[in-house]
Structure formats: structure tokens, C-alpha cells
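Have a look at the structure below, then the notes.
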Amino acid sequence: MTYSTNNISTEHIEKKRIAIIGAGLAGSLLALKLSQQGYAVDVYERRSDPRALSAHAGRSINLGLSKRGMQALASVGLLEEVLKTAVVMRGRVIHFPDGSTKYQAYGKNDNEVLHSIDRNELNNLLLDHSEQYKDLKLHFNHKLVSAEKTKRLLEFSNEGRVVTVTPAWVIGADGAFSTMRKEMQYGERADYQQEYLEWGYKELTLEAGSDGQSVIELSALHVWPRNHCLFVSHPNLDGSHTLTLFLPFKGADSFQCLHTPADVRVLIDKYFPDLTPLLPSLLEQWDRHPVGALITTRTNQWSFEDWAVLVGDACHAVYPFFGQGMNSAFEDCYMLIALLAERPTDLATVFKTYEEKRRLHTDALAELSKQNFTELRQKVQSPWFHARKKLDVLLNKLFPSAWLPLYTMIAHTTIPYAEARERARRQDNVINFGSAAIFCLIGISVVMLLS
Ligand SMILES: Cc1cc2nc3c(=O)[nH]c(=O)nc-3n(C[C@H](O)[C@H](O)[C@H](O)COP(=O)(O)OP(=O)(O)OC[C@H]3O[C@@H](n4cnc5c(N)ncnc54)[C@H](O)[C@@H]3O)c2cc1C
């Protein structure tokens, strides 16, 4: 079966069909926004329609939604609806090995919070709203296999059949292992770096108690930091939490060492004794849930002439430790749409400008996300770290526009990532210089008193 665009008049360029590869978070948000603006869109997704699966068929996997993602959802008119299904996370609760806990607010007031949302629910909502536009078509079970740039042709595999299309232009939103990126960059002077984390992750569910209430504080992200491993949990509306265990793939106490249910039980008891009584179905869940891998990618070029452009994980996958993958993917979409509105007929310039404005910042996010891995599993255990966080919050309250903690800039503002990182470095220098000056003054005073 071959779809063709030959019947489309070249006089009505805006009605030429745009192809979006991938109906994940970025692809479905872009499909909705472009449809709202009157574009004709075809979305090609390798999986079957996720909405056809029963609500209980998949696990509930939650993500932290913050300002950048909220801005993009507001631009398609869905923010309020999404927030109705979210659980507010006002801060994080750190669980220490001795069972004690410490709470750390995410910001200085109720505007500076994160929202825990169900990824599948959000994806389905975006697809439902997109489908209301008559010029939008969703093609499930269509896996992109190749893209011929010279012929401007895409080839899909659809349940054993080959489907070819020649869209006006293409958006690659097909995730971290993007086929569109590989095809688009083939034969070009393009750079691509991919780094695997030596740790994998496994998602588990911490069920609500028999009374339907959460067994740990609901309105917070929970972290069980251990130098060797880490649990993080996001709350769900039904009182359960989605737990993610991060653990090395290899070596002592790694995924590789866990051969039997007893091995799993020993590992969890050793590092997370306070979680053991809360996880009666641990072993049964363990077998059902796969181990996932995490990658960081950096690449250029993000586009090809006026024909193809990449968004989201397809051009910058990051580790999830700053909770910014989806948020930054949505910010890509927001920026691409804004640039397109400025120059709707000059796609090559739009695509180049988008990459020029954006790549520097997503590269910075990749670094910040790596650094936050160390923060989440090690630094949060240190009293110095908490003292520094308190000082940051205090200075932010005293000088709200002059002093912004790094976390505030990343999660609660849309200050570009690289600018936020630079500003945080300057603030660090001020604190370091200030502390050094105070120590010097104390030293001089002591010497003067003694002499
Ligand atoms: C453990 C974990 C926790 C995370 N937590 C957070 C968080 O708290 N906050 C946050 O902002 N982000 C978080 N993220 C990151 C977030 O999930 C991703 O950044 C986000 O899903 C990227 O969206 P995307 O649309 O670019 O890619 P994806 O969501 O991966 O979507 C890509 C789509 O393309 C389809 N596709 C792939 N190949 C093809 C092909 N050849 N043809 C057709 N279709 C194809 C796929 O099936 C998929 O539907 C987390 C990630 C992980 C792994």
C-alpha cells in the first residue's frame, strides 16, 4: 500500500502534509499544536495504538512535570486538564539508611512545585485531542525503516507491508534511538556521541495501604540515596508510588548478581530495610518488570535543508536525574512552533535557527543531568549539602530576582539551561569567596586576640 501526496496542489503549500515520526510525548504534542494551526499532519508510530490497551495492561510510569513542560502544555490548552490528573510534589523526602528522613522543599512557595503525571495518560490525552482535527491522521504499526533525502521519501514497515510516503517535510520525534536521525545524517558531516550509564533501572510499584492511603508522604518525591544504588519514587493519584531502582549492571550487588528471588530480597534488605515491609509483592513484581538502560546523546546536525528536523530524545537524550527529558522535549516543540510562526515559508532557516538557539542548552542539560546523578545518590546525604541548600533558599527569599538556586532555574523557570548553569556558577563563586573571606576574618581576629 502506498500513500501519495500527488493530489495536493502546490499552490496550497500550507496544506501539504507534514510527517511526524513517533507518537510519543513530543510527537503527539507537536501533532496537536500543528493541527491547531491548520497544518495537515500524518503521525507514524511503530507501536500499536496505546489507547487500545486496557488501563491495567501497562504499568503506571510517572514523570515530573515542571515549568518548561507546563508552558508547552498551556500553549495547546491542556495544562489545566493535565494538572487535574497530577499529584503535586512540594519537595523531596530523603530516606537515610538508619530509617530517618529529611524533607527538602522544591521552592520557596506553592508556585515552585513539581507535578507527578502518568506518562501513558498524558500521551493518550494528547493523541485524543489531536485526533479531533480532520486533517490529522494517526498511523499506528508504522515503523520508519528508511528515509531517502534526495527523493524526499520515507519508507515504513507496516505489518509486513512496505509503505512509502513523500511528505512536504518531516519531524523526527522517534526517541533516543531515532531512525530518522540516522537516516537524515547519513552521508552528512554530522557528529553523534552516545554514552551509556553503567547503571540500569527497574520500575516497581509501592502500593497504597489497605485503607487506600499512601504509606509514605504523598505530596513529595522520595529518594533513598545510597552510594551504591538509589531508589526514587513518584506519587500516583490512587495513593500508590512508582518506584525506580537505579543499580549498577555489573560488579558486586549489581543487576548481574541477582539470579534468584533470595538474591533480590537480600539486596533490598541490605540497602533499603525500611522499604522491605512496604513491598510485599517485590519478588512477584521483580520478575515482571524489565531492566532499562539509560543513555546520554549529543548530536549535530538536527536538520536537513528544509525537509527534516529532530525534536526531543531524538536529538538529545539525557539521564533522568534532573527530571527534564520530557520537559526539554516539550520546550523544543514550543520553540520550533514559535520560530515556524515567524517564518512559515522559510523552513531551512527555521530549522537552523532552532538548532542554533537550542543545542547549546540541551548539551548543558546533559551535563547537569549527569551531575545530578551524584547529587541524588551521594550529596543529599551530607549535612553540608543541606546547609548550602538552606542558604540558597534564604538568599533567594532575601533577593528574589538577584539570587536563584540552580534547581529553581531549571525546574521553575524557562531560563535557558546553559544560562542557568552559568548563573549558578557565579553564585557558587560568590558563596566560596564569601566563605573564604569569613574564614580569613575569623583567623585574623583570633591571631589579633592571641597576640
Ligand atoms: C526512568 C526514567 C525516568 C524519567 N523521568 C522523567 C521526569 O521525571 N521528567 C521528565 O521530564 N522526563 C523524564 N524522563 C525522560 C522522558 O521519558 C523522555 O525524555 C521523553 O519521553 C522523550 O520524549 P520523546 O517524544 O522525545 O521520545 P519518546 O517518548 O521515546 O517517544 C518516541 C516515540 O517514537 C516511536 N518510535 C521509535 N522509533 C520509531 C520508528 N522507527 N518509527 C516510528 N515510530 C518510532 C516510539 O515507539 C515512541 O512512541 C524519564 C526517562 C526515564 C527512562
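The values are calculated or read from the model by the stated rules, or taken from the named source; none is laboratory data. What you see is a predicted model, and the numbers here were worked out from it, not measured in a lab. So basically every Cβ, Gly included, is an ideal-geometry build from the backbone, and we count neighbours across all protein chains shown.
In table form, for the structure just shown:
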quantity: Pairs where the first residue, in the stretch 185-214, is over 23 Å from residue 232 (Cα atoms) and the second is hydroxyl-bearing (Ser, Thr, Tyr) and assigned to a strand (DSSP E or B), C-beta under 6 Å, 6+ apart; calculated: 192/299; 194/297
quantity: Some residue of the stretch 391-410 being over 30 Å from residue 172 (Cα atoms), touching a Gly at 6+ places or on another chain (Cβ under 7 Å) and buried (at least 19 other Cβ atoms within 10 Å of the Cβ); calculated: yes
quantity: Every residue from the stretch 16-39 that is near the ligand (Cβ under 8 Å from one of its atoms) and either at positive phi or not assigned by TED's automatic domain parsing to the domain that holds residue 63 (or both); calculated: 22
quantity: Only listed residue being surrounded by 15 or more Cβ atoms within 10 Å (Cβ to Cβ) and away from the ligand (no atom under 15 Å from the Cβ), chosen from 136, 127; calculated: 136
quantity: Residues of the stretch 96-147 classified as part of a helix (DSSP H, G or I) and touching a residue at least 60 places away in the same chain (Cβ under 8 Å), total; calculated: 10
quantity: The stretch 312-329 - residue that is within 21 Å of residue 225 (Cβ to Cβ) and not aromatic (Phe, Trp, Tyr) and, of those, surrounded by the fewest Cβ atoms within 10 Å (Cβ to Cβ); calculated: 320
quantity: Cβ-Cβ under 9 Å pairs, at least 6 apart or on other chains, the stretch 420-434 side over 18 Å from residue 365 (Cα atoms) and assigned by TED's automatic domain parsing to the domain that holds residue 328, far side part of a helix (DSSP H, G or I) and hydrophobic (A, V, I, L, M, F, W, C); calculated: none
quantity: Lone unmet requirement of (1) within 24 Å of the chain's Cα centre (by Cα); (2) surrounded by 15 or more Cβ atoms within 10 Å (Cβ to Cβ); (3) more than 16 Å from the ligand (Cβ to nearest atom); (4) not assigned by TED's automatic domain parsing to the domain that holds residue 349 for residue 238; calculated: (2)
quantity: Scope the stretch 287-339; condition of a type in the set (A, V, I, L, M) and either more than 14 Å from the chain's Cα centre (by Cα) or away from the ligand (no atom under 12 Å from the Cβ) (or both); matching residues; calculated: 291, 293, 308, 309, 310, 335, 336, 337, 338, 339
quantity: Filtered residues of the stretch 188-213 (kept if touching a Phe, Trp or Tyr at 6+ places or on another chain (Cβ under 8 Å) and under 28 Å from residue 291 (Cα atoms)); calculated: 197, 198, 199, 200, 201, 202, 204
quantity: Selected residue (criterion: farthest from residue 28 (Cα to Cα)) from residues of the stretch 62-92 that are more than 15 Å from the ligand (Cβ to nearest atom) and among the basic types (Lys, Arg); calculated: 90
quantity: Residue tally, condition surrounded by fewer than 21 Cβ atoms within 10 Å (Cβ to Cβ), in contact (Cβ under 8 Å) with a residue 12 or more places away in the chain and assigned to a helix (DSSP H, G or I), over the stretch 71-81; calculated: 3
